[in-house]
Each structure stands twice: as structure tokens, then as C-alpha cells.
1. Filter region 93-127 down to the residues that are of a type in the set (Val, Ile, Thr) and either out of contact with any His (no Cβ under 9 Å at 6 or more places or on another chain) or part of a strand (DSSP E or B) (or both) and list them by number.
2. Considering region 605-634 alone, what residues qualify as being more than 20 Å from the chain's Cα centre (by Cα) and closer than 25 Å to ILE484 by Cα?
3. Would it be correct to say that ALA702 is under 26 Å from the mean Cα position of the chain (by Cα), closer than 20 Å to PHE618 by Cα and among the aliphatic types (A, V, I, L, M)?
4. Going through region 15-34 one residue at a time, which ones are free of Cβ contacts under 8 Å to residues at least 24 places away in the same chain and within 23 Å of LEU287 (Cβ to Cβ)?
5. Determine the pairs where a residue that is free of Cβ contacts under 8 Å to residues at least 12 places away in the same chain, located within region 569-584, has a partner that is crowded, with 16+ Cβ neighbours inside 10 Å with Cβ atoms under 8 Å apart, the partner being 6 or more residues away or on another chain.
6. Across region 644-665, what is the total count of residues that are among the small types (Gly, Ala, Ser), surrounded by 21 or more Cβ atoms within 10 Å (Cβ to Cβ) and under 26 Å from the mean Cα position of the chain (by Cα)?
7. Cβ-Cβ below 6 Å, separation at least six or inter-chain, first residue in region 213-225 and at pLDDT 95 or above, second in a loop (DSSP other than H, G, I, E, B) and among the basic types (Lys, Arg): which pairs?
Amino acid sequence: MLTLLAKEYSDFYHALQDDLAQPDSPRRQQWNSINELWLQEYQRDPKAPAARHKAVMYRLIAEHCEPTIMPHSPFFFETVMRPPMNWGTPGDKTMCGAALYRQRISEDDRHDLSRKIQLFQTSNPERLASFWNIYGGYFDTDHHTPGYTRIFQLGFEGIRAEILALPAQNDETEAMLVGIEAILKIATRFAEKAEAMLETETDSLVRRNLQMIASAARRIPAHPPQTFYEGLAMILFVREVMATLDAIGLSVLGRPDKLLIDLYRADLAAGRLTVPEAEELVAQWLLPHDEKTFVRERPWPENSTCIVLGGCDEDGNTVFNELTKMFIDVHCRMRLFTPKLNCRCSADSPKEYLDLISGYLRRGYNQFACLNDDVLVRALVRMGRLPAHARNYVNGGCQEPMCEGYEHTAGAFYYFNMVEAFRVFYHGIPTPDDPAAADATAELLLPPLDKEPPHFSNFYQEIMRRYRRFLETSTGWLREKGGIFSEIHPSPLFSSTLVGCVDSGLDYTAGGARYNFTGIACLGLANIVNSLMVVKKAVYDDRLVSYDELRQTVADNWPAGSEPLRQQLMALPRYGDDEPEVTELAARFMADICSLIRSCENERGEYYQPSFFVYYAFRSIGILTGPTPDGRRQGEVLAQGSAPSRHKAPDSITEVLASMSALDFADCPGNAVFDFQLPLTPHLTVPILSATLRSALASGVATVQPNLVDVEVLKDAQIHPEEHPDLTVRVAGLSALFVNLDKGIQDEIITRHLFQAG
């Protein structure tokens, strides 16, 4: 059954992808005709509120989409209104749900503000400095999670009743109603499609699937699910169809072990379901995400899709049950890559849970992100969430935490290159010839520290003063630019599933949700700490080098003749060494930069929140980053997340964890990811690996991503890729087949520091 289903998906999505590759293909023409119908309506009143225009497209999609059923699947979700590799983000040029976004973006006349941001954008070849990667320049259109808990409790008919009970309607709530009407109409069309197929279908297995679809699609998502199957179907349908209607990246498939466990147990008790049947349903539910996005064929197999397992419920009770194990077992048995496995853990996690993860890691299944509830729940509460809401956090796209059903945190939107900023604070940049660029630079940056401050404390204060100017200015630009996003790309249907939006009558992009924080992902924590330590020890404490000589040597990219000095400075205590002085400095800097970020207001009336989650920017932005006092040369990789720098990293992971235990990662509600690579040897048994994971969680690290490798096997796979077709590595916020990766990425993984455990 699964083999047949995989082929159905593969054939269908490859054909669709081939069709869309032609600009004038039948599918593109269909989408263009829908967009033209929408544009005609838009042009009748182009100044009308955005929600009204979005409602027009809701109706058009519901009417013109093509409900498509795979005969060997009991699940229904494909409307043929998005490219296969798109999970909702509005970047495709003809995707219908993004019509308003494309139109209003083109009409935005705030070019001066856009140009300011582009002056320092890493993707701009004419940038003045590589300070940031800000996706879209307005707002994070990816990494969302619908309010699954709310949908499971009320169904969309219940949400509609809440809206109709309001004292008065406005454009936003009326658009919510149209969105609900659209998603329910699409479900009905799936039921009708299944019923029509049943009239001629003779295969008994296919008929069973069609009967399940015909029944379920007339109940959900209008009403709460009544069975395990309906719950699975509801999650998948809502994620896929809402992403099409609202054109936002819906990355999260919820917490299925928490959402579905009562339905699963009730089905077993009533005799409606057996364990093998449940496993088959889970396998069929998991399968399409790899297949429709061609994960095994692409050099960078991102599709931003994840599930969250384990953790605790809203009352703090441990979630580790039959479904937690089933989802992990089935995922690993099928050797899937997506949905990504985000496993919520803690220092008190059941031994069976950590052993289950460790066992699959030992078998080369490098697919796990282990999220530390002990830290992340506390971090979310510290930022202002209620404990019950924080305990039901999920992670969107990679590891960006958000309270499910209460917020969108834009957690991977503004990647801030702290290292390049530090370099410019220290060395400065040439004044641009263009007056507007010069004004923007002066607005963002204080003068460089070309004169030696009298004491290290003064140097540190000046660095932090410059970070404050930098962050307050850049977030101010984003606040102004993002302030109109609710009139560019609102999502009324999605908003209806978030607590707060219905009662306030506001879209989530306008601050209608219960919480409205925005993330800043900080790059190069260890590089900054090590650079500060070099200045402190080498310039001020031990007088190993003068301020001016160090400044010039770094500016010259550690030239020939400076290697003895470079090695001497790299031998100083560094981030990750279990040395009190550098650990104290790391704790101080992290607390200060986090406090500064949390003081910056966003466009939705709340604040930015810090993270040390960096995806793969430690390399992609690192190659654009200048040299630094820690011994790092121009273009070398930055430290990865909250991990030590690769230059002189400690060998013992125990030493690193002891050092990191002094840092308060609960100051980082956006997460702080510790990626570590361990040698895949017989010594690293399941008990040792589980103990290592538990020690990491107990140390207060926010998230750990282990990667177990045999470096010699990796090297051989570069030479003989055909002999290692299933070799899997953890790259960053995603896993991939090693042999499919670009050689530069392969080399980066091979040269990662190998820690020792046990």
C-alpha cells in the first residue's frame, strides 16, 4: 500500500512540477485566469481594506480549486493551487492566495526605507556591510502554526459561531467568515469528489479509502474530530488548505501525540481501530511531505514542515505516550526526513523516551531536535506568556518556539550578524559617497572605536552602546516598514484560529493575537565572547599586544607574520572552556544583548525577543563576514548557534556543558540551539548517549541537535556516493542525505569539531 501511495504522489507531483516549469502551461494559465478575476474586483476599489480583497480570493479559490484524491490514501488535502515545493509562503509569482500580497507590495512607495534595509542586507551584492538577513523586509510570512487545539475543541462551525456572536462585525471578522465558508466548501467538494469516484471504483482498498474520505470530509473541519483518523485528517487538511487560502507558510503539523491520544485510546477501547491500523494511518499521514517536496532529490531539502512530540500538557503533566513512540518509530522505519522531528524533552524525561531517541541516533538517523522544556517554558513565561500557554509551545519551521493558538513569533525573520556589527564598531566602514546611504549609515552606527578606551570596562560599555544604537535603529526601520503589513497580506482565516483575533476584530498581522512578539536570531555568540576576551586579556590585562596593533592586524585579516600572535591569542580562555573568567564574560554579554533586544518595540505593539538559533547562516553569512579578534579570518564560518567556535573548541562535551550551565538561556524565548557532532563509535552506546542528552538538558541548554557521524565514512561518501545513498546528517534546522549536499556544505560538516562523550 505505501509503495503504491508513494508512486502516486511521485507521479502526480512530478507531473505538476513539470507543468509549472512552463510559463504558459495549462496550470499556470488557470492560476492566471483566477488572478485576473481577482484583479478585476480589486481594481473596482483598490483602496478598500485588505481583508475585503482577501475575501474575494477565498471565494475564487474555493470555487476553482481541484480537489485531488490519491486512491491509496485515506487523507485529502491537495487542491492543486500551489507548487509542490511551496508550503504556503507567498513567493510564487502566480500563486492565487498571494495575489493581494503581490499587488500591494508593488504599490508600496516607501522606497527610502526599503533602501536603508537593503544597504546592509547580506543578499544585496552592493551592500555596505553584511549586517543582517531580513526576509521580505516587512514581516515573517513563514513559520506559522494554526491554533489546532482551538480547532479541535470548536471546529470551524464553533469558531464561526463565536464570530457571529460578536456585538458587531468589521471587515476583518467578515473576511474570517468568508474564509471559514471557503475552507468548509473545499471540504464538501472533497466529499463530493470521493462519492463520485466511488460510483466506478471496484478495488476494495481504494473503495475503503474513498468511503473514509466521503464521510470525514462532511464532518471535519466543520466539527471537532470524533476518531483518531478524523483527527489526523483534520490536521493535514487544515494545514494544507489554509496555507493555500492565506498564502502563509504553515510549518507546524501540531502536537499529534497530545492532540490525538484520547481519540486513539477511545478507538482502541471501542474496537474501531487496532494498533497496526493506527500505524498504517500514521505512515500514510507522514508520507506526503517528503514526496510532494522531492526531499530525496534536492541538494537543500527544506520544506519547513515539522511535528512536535513529547513535552508536557498545559497543566505540566508529562506527554510521553503510545503515540509519541508510534510517530517516532514509524518516521524512522520509513526513513523520512519530514515532518521534522522536534522532540520536547527535559532533564526528567522518561528513560524510555531518551533511549528511543538515542537508539535511532546510534543507527545513523540524525533527524532529532531535542527541545528543553525546563528552559523554553520558563523563557516564554519570562517574556510575558501565561504558564499554561507556554507549556503548549510548538516550534515552527525549525526550532522557533511559539504558544500554539496564541501567537506568531516571526522567529526566523531577522538574522542579526553580531560579528560583522562588532567588526564595524571596532574598525568602521568607509563613508558612502551617496548622501542618502551616508545618512542611513550615520543613523545606524556610532563612530568606530579608533581610540583606545582607558579600561576594558569602558571598551565593553562602548561596544554595548553601539549595539543599542544599531538595534534600536534597525528595529525602528522594521517597525515602520512592517506597520502596514496588515494592509498588504492579512490572513483572516488563519487569524480566526488564534485566541484574541476574533474578540479584538484584528488580524494577527495587526496585533490581534494574544501575544505579538518578533524574533531576532543572533549570529556568532562565541565569536563575540572570544573577541571580547582577547581584547580584555591581551590588550588590557596582560599587555600582550597594543590596542592599535591588534586593531590593525585584524583589519588586515591576520596577515603573514601575525600567526604567532594569532596562536597566542587563540590559546586564551574561550567560550566553552570551563574557565570562570570567560564564562562570566559570556554570561554578562548574553544577558546584556538579550535585555537590549527585549527593549526594542515591534510593529504590533510588543517587543522583540532574542534567540541564538541561526539555521545555516553561520556559514552562508559567515563567508560574507570580516575578520575578528578571536583569530577568525575573513569568510570563515561563524560559531553555530550557542555552540563554541570551531577554533580551539574543547574536546569534552562535559566541559562545554559545565561552561554553558552558567548562562541563563531562559533569557532567549526565541531559542538557543546547541549543535554538536559526536563520533559514531562502538564506545558511544545508547546508555552513554542518553546520559549525554540528559546532561545537556540538565545544564540549561535550550535545544540540542546531535549529529553522530563517522568522518571517514563521510569522506568516502564524497568519493563513492553510490555506496552511501541513505547516509543522513543533521545540517542545521534540517537533515539531509549527505550525498545530495553541495560539496562546500559536505566539507563544512566533515570539518565540524568532534566532541567526546562519556
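The values are calculated or read from the model by the stated rules, or taken from the named source; none is laboratory data. These numbers come from a predicted model, not from an experiment. Note that each Cβ is placed from the backbone with ideal geometry, even for glycine, and that neighbours are counted across all protein chains shown.
1. First, pick out the residues of region 93-127 that are of a type in the set (Val, Ile, Thr): 94, 105, 117, 122.
The answer is THR94, ILE117, THR122.
2. We begin by selecting, within region 605-634, every residue more than 20 Å from the chain's Cα centre (by Cα); these are 605-606, 623-634.
Correct list: GLY605, GLU606.
3. Working: under 26 Å from the mean Cα position of the chain (by Cα): yes; closer than 20 Å to PHE618 by Cα: yes; among the aliphatic types (A, V, I, L, M): yes.
Answer is yes for this residue.
4. Residues satisfying the conditions are ALA15, ASP18, ASP19.
5. Nothing qualifies.
6. To start, the set of residues in region 644-665 that are among the small types (Gly, Ala, Ser) comprises 645, 649, 652, 658-659, 661-662.
Filter once more, keeping what is surrounded by 21 or more Cβ atoms within 10 Å (Cβ to Cβ): 645, 649, 659.
Add one more test, that the residue is under 26 Å from the mean Cα position of the chain (by Cα), and what stays is 645.
Total meeting the criteria: 1.
7. If the second residue must be in a loop (DSSP other than H, G, I, E, B) and among the basic types (Lys, Arg), no pairs are left.
For (1) assigned to a helix (DSSP H, G or I); (2) not aromatic (Phe, Trp, Tyr), each residue gets a yes or a no:
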| site | (1), (2) |
| --- | --- |
| PHE139 | no, no |
| PHE152 | yes, no |
| ILE159 | yes, yes |
| GLU162 | yes, yes |
| PRO167 | no, yes |
| GLU172 | yes, yes |
| ILE183 | yes, yes |
| ALA196 | yes, yes |
| THR202 | no, yes |
